[in-house]
Amino acid sequence: MIDLHCHSTASDGTDTPTELVANAVAAGLRVMAITDHDTTGGWTEATEAVHALPTAFTLVPGAEFSCTHTGPDRRPITLHILGYLFDPDAPGLRAERARLRRSRLDRAAEIVEALAADGYPISWSQVADLAGDGVVGRPHLGQALQQSGVVASVDEAFADLLSDTSRYYRPKADSPAVDLIGLVGQAGGATVIAHPWARRRGSVLAEPALAELVAAGLAGIEVDHVDHTLADRARLRELVAEWQLLGTGSSDYHGTHKAVRLGAETTSADTLDRLLTLTSGVVPVHSPGGQ
Ligand code: AMP
Ligand code: ZN
Ligand code: FE
Ligand code: FE
């Protein structure tokens, strides 16, 4: 099984990179991509964990970038773009990751401040403790609200206080998607749009806007994702065929921050092979028992 979208404590997952690799093996995965938000911070630890495995396993280094795009209908939409196998030292992309992380810190602090001002028991030090060295995200705020007994679960926090339509919501300064696709390409990587039609989370890109991203160099679409309906998956599969893109399936695992399990959605070996031929930034990491 191949799962190309997984989070660790390097961002808002709850497994350390070492635990993520161990859990991937236990779940029966043969290939896993580590795709933390706006960071390569988990790559080194995950690589070390893979090097220590007795069984065949392959790690695909990647990241999930926070982006925005204004399509032909002139509506700005936030979206996530997965970058795979890019050179982590490419200066343009490295600087953009750092900028995105700073924006995440500023906006998380603003949300905490707004919640606290209305009397919710949440503090920055609590959130900073929960995020640790990882890139901060709303799931950390949800965890803090759960710890304080404001909500029973992170899911409940996302349904109301932390939703995109909440009065406490604050935007991040995301990357223009076309620029980000270019930066990943310049760094030798390939891009796949994550959960493009996860409509439950807010407005999504219409087909003409997706076509603009493809024209900018987008290599693939994450078709199979827990937040996609069967009808949307079917239409995305048609677009993948028509536009000759990679069609992936992935879990978007976040440990205990989300209910989805590793390997809940998977990508075909053929699609992974095509992804590998498109990339030259870094090579996948094989365990000694692999090849
Ligand atoms: P942020 O990146 O800080 O805007 O927070 C969005 C992140 O929260 C994404 O990685 C989502 O996968 C995650 N997320 C969205 N909805 C939920 C939910 N109901 N429970 C937990 N995490 C969620
Ligand atoms: Zn996340
Ligand atoms: Fe995402
Ligand atoms: Fe994700």
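The values are calculated or read from the model by the stated rules, or taken from the named source; none is laboratory data. Note that the structure is predicted; figures quoted are calculated from it, not measured. Cβ atoms come from the backbone with ideal geometry, glycine included; neighbour counts cover every protein chain shown. Quick note on the areas: whole protein, heavy atoms, side chains included, nothing else; ligands and nucleic acids left out. Shrake-Rupley method; radii C 1.70, N 1.55, O 1.52, S 1.80 Å.
If you check 38, 15, 3, which single one turns out to be within 13 Å of ligand 1 (Cβ to nearest atom) and either more than 24 Å from residue 90 (Cβ to Cβ) or of a type in the set (D, E, K, R) (or both)? Can you show your working first?
Working: 15 fails: within 13 Å of ligand 1 (Cβ to nearest atom); 3 fails: within 13 Å of ligand 1 (Cβ to nearest atom).
Within the list 38, 15, 3, the selection yields 38.
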Item to check | Close pairs from segment 140-166: first within 14 Å of residue 258 (Cα to Cα) and of a type outside the set (Ser, Thr, Tyr), partner open to solvent by 60 Å² or more (accessible area, probe 1.4 Å) and within 16 Å of ligand 3 (Cβ to nearest atom), Cβ under 9 Å, at least 6 apart | outcome: 142/155; 142/158; 154/258; 155/258; 155/259; 158/201
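Suppose the filter is surrounded by 22 or more Cβ atoms within 10 Å (Cβ to Cβ) and more than 26 Å from residue 210 (Cα to Cα); does residue 100 pass it? Don't jump to the end; show me each part of the working.
On the way: surrounded by 22 or more Cβ atoms within 10 Å (Cβ to Cβ): yes; more than 26 Å from residue 210 (Cα to Cα): no.
So residue 100 does not fit the description; no.
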Checklist entry - What number goes with the only condition from (1) open to solvent by 70 Å² or more (accessible area, probe 1.4 Å); (2) part of a helix (DSSP H, G or I) that residue 152 does not pass? => result (2)
Item to check | Residue in segment 252-267 that is surrounded by the fewest Cβ atoms within 10 Å (Cβ to Cβ), counting only those that are more than 10 Å from ligand 4 (Cβ to nearest atom) and among the charged types (D, E, K, R) | outcome: 261
Checklist entry - Here are 220, 134, 142, 119: which of them is under 26 Å from residue 84 (Cβ atoms) and either open to solvent by 40 Å² or more (accessible area, probe 1.4 Å) or within 15 Å of ligand 1 (Cβ to nearest atom) (or both)? => result 134
Checklist outcome for this item: Taking segment 224-270 and keeping residues of a type in the set (A, V, I, L, M), touching an Asp or Glu at 6+ places or on another chain (Cβ under 9 Å) and not in a loop (DSSP other than H, G, I, E, B) leaves 236, 239
Checklist entry - When only residues in segment 2-47 that are closer than 24 Å to residue 103 by Cα and of a type in the set (A, V, I, L, M, F, W, C) count, which is nearest to the chain's Cα centre (by Cα)? => result 6
